[in-house]
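> Sharing a structure below in structure tokens format, with a few things to ask.
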Amino acid sequence: MSSPKAEAVQKTGATPRIEVIERYCKGCSICAEFCPTKVLEMETFVVKVVKPEACIKCMQCELRCPDFAIKVHTE
Amino acid sequence: MAYDYEKSIRPGKLPHIWCPGCGHGIVMKGLIRAMDSCGLEKNNTALVSGIGCASRLPGYVDMCTLHTAHGRAAAFATGVKMAKPEMTVICLGGDGDGTAIGGNHFIHACRRNIDMTYVIMNNFIYGMTGGQFSPCTPTGMKASTTPYGNPDPTFDISKLAIGAGATFVARTTAFHATQIDKLIAEGIKHKGMAVIEVLDDCPTTYGRRNKFRSVVDMMKKLKENAVPVQAASKMTAEQLQGKFLTGVLYKEDKPEYIEQYAKVIAKAQGQAS
Amino acid sequence: MAKKVALLQGNEACAHGALYAGAKFFGGYPITPSTEVAEVLSIELPKVGGKFIQMEDEIAAMASIIGASLTGAKVITATSGPGVSLKQELIGYACIAEVPCVIINVMRGGPSTGMPTGPGQSDVMQARWGTHGDHAAIALVPASCQEIFTETVRAFNLAEKYRMPVQVLYDEIVGHMRERIVFPEPGELEVIDRAKPTVPPEQYKPYDTSFGDVPPLAAFGSEYRFHVTGLNKAQDGFPTTKAEYVDAEERRQISKVENEKARADIESNEEYLTEDAEVLIFAYGSTSRSARYAVNELRKEGIKAGLFRPITLWPFPEKRVALLGKQVKAIIVPEMNLGQMNLEVERVVKGTCPVISIGRVDGEPLNPGQIIAQVKEVK
């Protein structure tokens, strides 16, 4: 269940659209901290998508966001 | 694809009341995925909780939801299940609610092996009242009512459930998000009392007092100390010191309460049993 | 066809009344002197497809009946004073969440364990004010085995009609006494089922006052989904702290029982020789049987005594007792406690006549001689 190792991951397919519902985000930073490719960063207690092209669609951020604030649209 | 949680959440109820970083939201997502994977019907599923932070969960979910009194979820749920056995009944709550004030109902629901699933979010503390120690606060740790460190021994909820007679007992953590829904789904499908203990984080009242630098720090501890049951069999007692087991800890097929009572009805009505 | 007749204990009559009313679920915990109610229902409920469960404690018993009631079943529990004390929090839950249920309290003495095998009437104020917070209460106090049967049926009717817990209190004497019971035929006594919602599921609100003071209650497991909580809530059933919602809901939940129309429907009294009474005895339960005997004896001696016997104790028969207070020289309130209903009688007569308490808490019944002596003293 541990995060995939960033270096071991091959990026495939198109860059997903990562949707952040800012109204729901409480700034806990779980998503950013556990993102294996550092797609997300915290900015004044709200998550920002800073490197969408690095996303490997592992969905860890969406799964662990306690606030229903992140959706990773892969299609 | 992004998971569609909205279809299971009551419109306009988000954002929820839980603090930043509280793992209850992660458990709620896991619960929704589990209920989806089991194909549960909204009208035929009851979510029953007690009082406390975790017990607020049913209010968000678009099912038949019953937010009861402190500690009483399992007893209310037993009434629901007995009166309408065709419903899927899931209890939700925290460690204080379920094992202190509600301890008697919890162990007796396990003893009866009634066909329910109890998801117990163990964050080691009474969060809603401001961080008093619970039966699950580790010995020595700080809570608002253990300023010198907790002198009390600790309940192991999963062992308690097994000892009391639950026939499916599993443990995971708020970090292990995908395991949450797998274990809850397995519990729902299990015929009998299923207890899924989710070790959870309360950064606001537990982490802050116990020198966790952040919620991420708490999550990492949950990750580091979790040992899958399969791996544990190859480890020494020394290696397992301070760790906890995750996965399906116990599973047994035993007569289930509703089925047993159906035999009572058959006997009372003069039918062969 | 001749009616079915049986010699039954009060507790057995209660169980048969529950079955007549359509009870389908009993959750209980053993406690003297109420256990025969559970024992009979453990035999009879499964015969009619109902469910009997002995829970792990009194609180769980109360919880289980509320849970079962929310699935649409008619539910009952039976206990005694210590059990009712333990149930109080959840009686309040049934009040605020408006869940129909019937609670039988076979009264013994108290406080605490008291005298488990002796009679008492000391839970009558608890029935009104036992749980915390403002709330309405309905409590019935039958005085004979036949009346336990009919009042248990009425308790279910009132619980279903007013969507709330209803308590039936009778003392150990009536609970364990055997009397001839005539079983009413089906249809002979009115049996009321709770109002079901008529709106489409998406429009349903569990506390929708556009349907009056008692909104229809849907059942879990039907086409309706809803949320139930013990928190103060808005009409949609979800928690709120908005002052105007909280205030309106609390007031409605009391007025649904205490408005004039509801009172007229719920109140039930028996008056015996009160028309010309100069001394009134206010008595309920087994004590009213001693009081009736006393009235007859006093009348033989030319003393104009009369009996007012509430069958519905809560809501209290305020208007009638106040009127009688203006008519008589004194009201005597014999009861197997130290003056609980005496306080209530005093409250409503507002000093128009003396109100005299005869209390007894030694585990012995209040006898006619005590009442006769007291009446002669005021005469």
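> Consider only pairs whose beta carbons are under 6 Å apart and that are at least six residues apart or on different chains; among these, list those whose first residue lies in region A:39-62 and is within 21 Å of residue B:29 (Cα to Cα) and whose second residue is of a type in the set (Asp, Glu).
As it stands, the answer is A:46/A:22, since those pairs meet every condition given.
> For region C:340-360, what are the residues that are buried (at least 16 other Cβ atoms within 10 Å of the Cβ) and not hydrophobic (A, V, I, L, M, F, W, C)?
Of everything in region C:340-360, those that are buried (at least 16 other Cβ atoms within 10 Å of the Cβ) and not hydrophobic (A, V, I, L, M, F, W, C) turn out to be C:340, C:342, C:344, C:346, C:357, C:359, C:360.
> Looking at region C:225-235, which of the residues that are at the interface with chain B (Cβ under 8 Å from one of its Cβ atoms) and of a type outside the set (D, E, K, R) is surrounded by the most Cβ atoms within 10 Å (Cβ to Cβ)?
Of all residues in region C:225-235, those at the interface with chain B (Cβ under 8 Å from one of its Cβ atoms) come to C:225-231.
Okay, now just the ones that are also of a type outside the set (D, E, K, R), so C:226-231.
Working: C:226: 22, C:227: 23, C:228: 25, C:229: 23, C:230: 22, C:231: 16.
Applying the filter and picking the extreme gives C:228.
> Quick check, is residue B:102 within 13 Å of another protein chain (Cβ to nearest Cβ), more than 23 Å from residue B:248 (Cβ to Cβ) and crowded, with 24+ Cβ neighbours inside 10 Å?
Here the answer is yes, as residue B:102 does meet what is asked.
> So the check is Cβ under 6 Å with 6+ separation or different chains; which pairs have a first residue in region C:24-49 that's over 10 Å from residue C:79 (Cβ atoms) and within 14 Å of another protein chain (Cβ to nearest Cβ) and a second one that's crowded, with 17+ Cβ neighbours inside 10 Å and among the acidic types (Asp, Glu)?
Within 6 Å, the pairs are C:40/C:12.
> Let me ask you something else. Which strands (runs of 3 or more DSSP E) does region B:158-273 wholly contain that include 3 or more residues that are touching a residue at least 40 places away in the same chain (Cβ under 8 Å)?
In region B:158-273, B:168-173, B:194-199, B:244-251 are the strands (runs of 3 or more DSSP E) which contain 3 or more residues that are touching a residue at least 40 places away in the same chain (Cβ under 8 Å).
> Can you confirm whether residue B:89 is in a strand (DSSP E or B), surrounded by 24 or more Cβ atoms within 10 Å (Cβ to Cβ) and more than 11 Å from every other protein chain (Cβ to nearest Cβ)? Can you show your working first?
On the way: in a strand (DSSP E or B): yes; surrounded by 24 or more Cβ atoms within 10 Å (Cβ to Cβ): yes; more than 11 Å from every other protein chain (Cβ to nearest Cβ): no.
Judged against the criteria, residue B:89 is not a match.
> Taking the condition crowded, with 24+ Cβ neighbours inside 10 Å and within 14 Å of chain C (Cβ to nearest Cβ), does residue B:58 pass?
For residue B:58, the condition - crowded, with 24+ Cβ neighbours inside 10 Å and within 14 Å of chain C (Cβ to nearest Cβ) - is met.
> So, residue B:26, is that one in contact with a helix residue (DSSP H, G or I) (Cβ under 7 Å, 6 or more places away or on another chain), modelled with pLDDT of 95 or more, within 9 Å of chain A (Cβ to nearest Cβ) and part of a helix (DSSP H, G or I) or not?
yes
> Scan C:134, C:208, C:213 and give me the residue that is in contact with a Lys or Arg (Cβ under 7 Å, 6 or more places away or on another chain), surrounded by fewer than 19 Cβ atoms within 10 Å (Cβ to Cβ), farther than 23 Å from residue C:22 by Cα and not small (Gly, Ala, Ser).
Answer to the check: C:213.
> What do you reckon, is residue B:164 surrounded by fewer than 20 Cβ atoms within 10 Å (Cβ to Cβ), in contact with a Lys or Arg (Cβ under 7 Å, 6 or more places away or on another chain) and within 14 Å of chain C (Cβ to nearest Cβ)? Give the steps one after another, and end with the answer.
Values: surrounded by fewer than 20 Cβ atoms within 10 Å (Cβ to Cβ): yes; in contact with a Lys or Arg (Cβ under 7 Å, 6 or more places away or on another chain): yes; within 14 Å of chain C (Cβ to nearest Cβ): yes.
Yes, satisfied.
> Scan region B:144-190 for residues that are among the β-branched types (Val, Ile, Thr) and over 18 Å from residue B:200 (Cα atoms) and report the count.
5
> Still on this structure: Looking at this structure, is residue C:316 modelled with pLDDT of 95 or more, crowded, with 17+ Cβ neighbours inside 10 Å and either charged (D, E, K, R) or over 17 Å from the mean Cα position of the chain (by Cα) (or both)?
no
> Also: Restricting to helices (runs of 4 or more DSSP H) lying wholly in region C:30-105: which have 2 or more residues that are in contact with a Pro (Cβ under 8 Å, 6 or more places away or on another chain)?
Values: elements: C:35-44, C:58-69, C:81-97.
Fully inside region C:30-105 and qualifying: C:58-69, C:81-97.
> Checking the conditions here, which among B:235, B:193 is surrounded by fewer than 17 Cβ atoms within 10 Å (Cβ to Cβ), away from chain A (no Cβ under 14 Å) and among the hydrophobic types (A, V, I, L, M, F, W, C)?
Residue meeting the stated conditions: B:235.
> Taking the condition of being surrounded by fewer than 24 Cβ atoms within 10 Å (Cβ to Cβ) and within 14 Å of chain C (Cβ to nearest Cβ), how many residues in region B:116-129 meet it?
1
> I want to confirm something. Restricting to region C:85-127 and keeping residues that are crowded, with 24+ Cβ neighbours inside 10 Å and charged (D, E, K, R), which single residue is nearest to residue C:283 (Cα to Cα)?
In this case the residue turns out to be C:123.
> Can you find, within region C:56-87, the residue that is nearest to residue B:105 (Cα to Cα) among those that are touching a residue at least 40 places away in the same chain (Cβ under 8 Å) and over 19 Å from the mean Cα position of the chain (by Cα)? Don't jump to the end; show me each part of the working.
Narrowing region C:56-87 to residues touching a residue at least 40 places away in the same chain (Cβ under 8 Å): C:62, C:65, C:68-85.
Add one more test, that the residue is over 19 Å from the mean Cα position of the chain (by Cα), and what stays is C:68, C:70-73.
Details: C:68: 16, C:70: 19, C:71: 20, C:72: 23, C:73: 22 Å.
Result: C:68.
> Sticking with this structure for a sec: Please enumerate the residues belonging to region B:65-85 that are facing chain C (nearest Cβ under 7 Å) and either in a helix (DSSP H, G or I) or under 21 Å from residue B:191 (Cβ atoms) (or both).
If the condition is that a residue be facing chain C (nearest Cβ under 7 Å) and either in a helix (DSSP H, G or I) or under 21 Å from residue B:191 (Cβ atoms) (or both), then B:75, B:76, B:77, B:78, B:79, B:80, B:82, B:83, B:84 are the ones that fit.
> Residue C:351 - would you say it is small (Gly, Ala, Ser) and either under 19 Å from residue C:128 (Cβ atoms) or in contact (Cβ under 8 Å) with a residue 40 or more places away in the chain (or both)?
Answer is no for this residue.
The values are calculated or read from the model by the stated rules, or taken from the named source; none is laboratory data. Keep in mind that what you see is a predicted model, and the values were worked out from it rather than measured. Here Cβ is always computed from backbone atoms with ideal geometry, including for glycine, and neighbour counts include all displayed protein chains.
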